[in-house]
């Protein structure tokens with residue numbers, strides 16, 4: 001009688017493991033930049049929300065005082081715009097600067113969201129025009 005030997009090797013070959021590593025590397029190369037861009041866009045929502053609040057409070061202040069408030073005030077995390085009653089949360093990433101006169105105001109939000117040379121900049125004016133003048137996400 002002949003004995004048959006079954007060579008049952010368990011596990012993966014080195015080639016199979018290398019193919020899996022290459023596939024994971026390609027997926028990571030595609031996914032990580034998009035993830036970073038999405039998180040940076042989410043961080044921008046802070047500036048948009050707070051600048052809209054500044055616009056609303058400036059309009060209210062002007063109705064009562066016939067001028068816009070907090071001219072020349074700069075507020076960062078934990079700061080305030082005292083005349084219009086806007087507080088900057090302690091965890092804020094942006095710094096805010098107000099330029100105001102009797103009939104105009106501009107509030108600017110600036111932050112470096114992803115530790116590069118580009119500073120993300122948002123502005124809003126007395127007409128409610130919210131603009132991203134320098135976009136740290138795309139540059």
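The table below lists the values:
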{"quantity": "Any hit, region 12-24, residues being under 30 Å from residue 133 (Cα atoms) and either in contact with a strand residue (DSSP E or B) (Cβ under 6 Å, 6 or more places away or on another chain) or part of a loop (DSSP other than H, G, I, E, B) (or both)", "calculated": "no"}
{"quantity": "Matching residues, region 111-139, being in a strand (DSSP E or B) and surrounded by fewer than 20 Cβ atoms within 10 Å (Cβ to Cβ)", "calculated": "121, 123, 125, 130, 131, 132, 133, 134"}
{"quantity": "Tally, over region 62-103, of residues that are more than 20 Å from the chain's Cα centre (by Cα), surrounded by 13 or more Cβ atoms within 10 Å (Cβ to Cβ) and part of a loop (DSSP other than H, G, I, E, B)", "calculated": "9"}
{"quantity": "Inter-residue pairs, beta-carbon under 6 Å, first on the phi > 0 side of the Ramachandran plot and in contact (Cβ under 8 Å) with a residue 40 or more places away in the chain and in region 34-54, second loosely packed, with under 13 Cβ neighbours inside 10 Å and part of a helix (DSSP H, G or I), 6+ apart", "calculated": "none"}
{"quantity": "Residues (modelled with pLDDT of 95 or more and in contact with a helix residue (DSSP H, G or I) (Cβ under 7 Å, 6 or more places away or on another chain)) located in region 129-139", "calculated": "130"}
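This table checks each residue for (1) more than 13 Å from residue 43 (Cβ to Cβ); (2) in contact with a helix residue (DSSP H, G or I) (Cβ under 6 Å, 6 or more places away or on another chain); (3) at pLDDT 95 or above.
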residue	(1), (2), (3)
90	yes, no, no
96	yes, no, yes
101	yes, no, no
108	yes, no, yes
115	no, no, no
120	no, no, no
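Conditions (1) touching a strand residue (DSSP E or B) at 6+ places or on another chain (Cβ under 8 Å); (2) over 30 Å from residue 34 (Cα atoms), marked per residue:
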position: 56; (1), (2): no, yes
position: 62; (1), (2): no, yes
position: 66; (1), (2): no, yes
position: 75; (1), (2): yes, yes
position: 79; (1), (2): yes, yes
position: 90; (1), (2): no, no
position: 97; (1), (2): yes, yes
position: 118; (1), (2): yes, no
position: 130; (1), (2): yes, no
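The values are calculated or read from the model by the stated rules, or taken from the named source; none is laboratory data. These numbers come from a predicted model, not from an experiment. Note that each Cβ is placed from the backbone with ideal geometry, even for glycine, and that neighbours are counted across all protein chains shown.
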